[in-house]
Amino acid sequence: MSSPETNSVEATNTGIRDTKTANVPAPRWLPGMFCVVLYWLVVQSVQRFGDSNFLIFMTQFIGPLVTALLFFIAWLGFSRRSWSERGFGMAMFIVTGALAAGLAHSTMKVGLILYALPTLLTTWAVWGWLTRLQASLGHRRVTLALTMLMTASYFCMLRLNGVDGAMQSSLSWRWTPTAEEKFLETVSRKSEPTSSDKESNGPSIVEVVEQPGDWIGFRGPNRDGILRGVSIETDWDAHPPKLEWKHAIGPGWSSFAVVGGRLLTQEQRGDDECVTCYDAATGNELWCHRDATRFSEPVAGAGPRGTPQFHDGKLFAQGASGHLVCLDAATGKRLWMADVKADSKAETPNWGFSGSPLIIEDIVTLMPGGSDGASVLGYRVADGELAWKGGTGTSGYISAQLFELHGHKLLISLTGDGATALDPATGRSVWHHSWISEQEFRISQPMLVDQSRLLIPTGQALGSRLINVTLTGDQWETSEVWNSKDLRPYFNDYVQHAGHVFGFDGALFCCVDLTTGKRVWKKGRYGHGQVILLADQGLLLVLSETGDIVLLEANFKSHVELAKIPAIEGKTWNHPVLVRDRLFIRNGEQIACFGLTMSSSATKRGTQP
């Protein structure tokens, strides 16, 4: 009979076990678990306490990759498992990743890194803890394979509907209809043209003529979000905003031009990018011009980003793919079209061409960010012929802006290189202020403080800068007045009132002193929303990221919220518009009109210096 020492198998009170396996040290599970626990702690801390969207994005994108690298080092170097088991784990990870990449919804390609990868590493680590005492190698391999495949299968069943301003994702089952698909089901096919060349071009029943108080384009006549000559009742308990109409709309981040009772905007309808005209009083569609193009990306989703501009009976609109159309504002009939992307040789930006056209006399200007002196383009209003190219800098999402400095009308361009002033008639560069931004794009509009000072927003990495512009003879010079990280608008514009700036610093509303650049107060969690100023009353109308309408005092001493009501559902980044007593709002899912009670005896709110 053989001795116990020579037995390869021993009998125990719990069954049979392999003595060779019994002599192998227990697998280590703590290193892998430490990696994933550290990842989740960092991500949650940054999301909860961090106020930089750039930091949040980099944590969510780079974090899973770094965690995976550390986890693999722990698995291969410190897990104490046999090399065959370590190799099997890595092989299963590669196979699972390849299957997920091939089967996942198209919107989840980035989501596999952001969400599936850290979750897969986490379930792998939990598997390691649960099987630390399991003697059967075959059982461990089967359970690891099932764990990985089930985790990947879950994410293959999801669709990414985009993220909000704080980089929080909206996920849904891939087989559920999107908001756009639901909207398209409700659109009457009879009212829609059957091709991009068949607009609703019947006889013009009503000529579209600008009336006093109309809102002709992006952020109003002066592109500053400031409204004058309108006073409203501020007691919304006694005089609440009245919902006049609301209905679904195609995705897009455009605002409105409101002219002659027409409500003009842009939206996506399936494979067609649309410029749409609604009756401002009823919300009924009057006409829809369509172009067979679609832009979509996983962060913001599908649809055009710019806002139409009205001028002399015509409507000008830039699509997210880079085409500029001129339409008859009464009928939607296309008069001419230009290929901005081809003319500027610009690459399509990550988030699409986002600029809104600006008309300066007989030139329509856009900022595609092309190279070789084609950062800004000027087209002739009459026929769409390219009149000039100018400017430098290839990054940026702002719209052209016209300011008067020292008696000269200048076109201001913001790119990653800084601020450039151009002659709007020729595109010739007049002056340039260098402020290079390598981490973030410039998205918010510049602001004219007075005849010699200009505010340049950059974002959360660099904040904002006030510059002074001087003119001596024919020599222009610029100089820095202050830099401030107390005002860091992401893609949210702001307004000025009584020597102060009111707007969004990240996801919080704030007030900043224009003289010093120092924050006075920061309060009001309205997400990444937009704001307009009722200058006569010192009131702020905020449209929050969640679709609430908020009424604030333009008070530079403290945050004073007067009223707040829910208005529309869904992620809301679009600029609101107030025309006389009608407030028009929209997002990528809904469009609505609210009636506000006018006041002839309203007192000025806020605090004056």
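Every number here is computed from the coordinates shown, using simple stated rules; none is lab data. Note that the structure is predicted; figures quoted are calculated from it, not measured. Reconstructed Cβ throughout: ideal geometry from the backbone, glycine too, with neighbour counts over all protein chains shown.
A compact table of results
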| quantity | calculated |
| --- | --- |
| Pair R132, L508: separation of 7 Å Cα→Cβ label points (nm) | 4.1 |
| Whole-Hz ³J(HN,Hα) from phi, Karplus 6.51 cos²θ - 1.76 cosθ + 1.60, for the stretch 244-254, glycine and proline x | 7, 6, 7, 7, 6, 8, x, x, x, 10, 6 |
| Cα point-scatterer Debye curve for the stretch 282-426, base-10 log of I(q)/I(0) at q = 0.13, 0.18, 0.21 Å⁻¹ | -0.55, -1.02, -1.33 |
| Förster-model FRET efficiency, 25 Å R0, H408 and S371, C-beta, rounded to 0.05 | 0.35 |
| Potential lengthening between T119 and Q47 on full extension [0.36 nm per residue; Cα-Cα distance subtracted] | 24.2 nm |
| C-alpha center-to-center spacing [the stretch 376-440, the stretch 48-111] in angstrom | 43 |
| FRET efficiency for N284 and T176, using Cβ-Cβ distance with R0 set to 25 Å, rounded to 0.05 | 0.30 |
| Net lengthening on full extension, V206/K485 (0.36 nm per residue, minus Cα-Cα) | 95.5 nm |
| Distance in nm between pseudo-label sites at W521 and R380 (7 Å out along the Cβ direction from Cα) | 5.5 |
| FRET efficiency, 1/(1 + (r/R0)^6) with R0 25 Å, evaluated for D581 and D237 via beta carbons | 0.85 |
| Separation of the M337 and H139 label points, Cα + 7 Å toward Cβ, nm | 6.6 |
| Given K182/K314; K485/K557; K314/K341; K341/K523; K242/K557; K109/K333, the pairs whose alpha carbons are separated by over 29 Å | K182/K314; K341/K523; K242/K557; K109/K333 |
| Per DSSP, loop GluC sites (Glu not before Pro) in the stretch 320-421 with at most 11 further Cβ within 10 Å | E361, E385 |
| Zone residues, the stretch 249-273, relative to E569, backbone N less than 15 Å from point 7 Å out along Cα-to-Cβ | 249 |
| Mean Kyte hydropathy of 0.5 or more with a Cα span along the axis of at least 18 Å, helices from DSSP in the chain | 30-49, 53-78, 83-103, 117-130, 137-156 |
| Extension gain (nm, one decimal) between T293 and T470, 0.36 nm per residue minus Cα-Cα | 59.2 nm |
| For the stretch 130-159 versus the stretch 324-349, the gap between their alpha-carbon centres in whole angstrom | 53 |
| Paramagnetic label zone (point 7 Å from Cα along Cα-to-C-beta, S169; backbone N under 13 Å) in the stretch 119-162 | 119-121, 152-162 |
| Sum of side-chain charges, F155 neighbourhood, beta-carbon under 12 Å (Lys, Arg +1; Asp, Glu -1) | +3 |
| Candidate aspartates and glutamates - alpha carbon under 15 Å from K564, same-chain residues fewer than 8 apart omitted | E233, D235, D237, E545, D548, E553 |
| Rounded, prolate or oblate (a/c below 1.5 giving rounded, otherwise prolate when a/b exceeds b/c) for the stretch 264-310 by Cα gyration tensor | prolate |
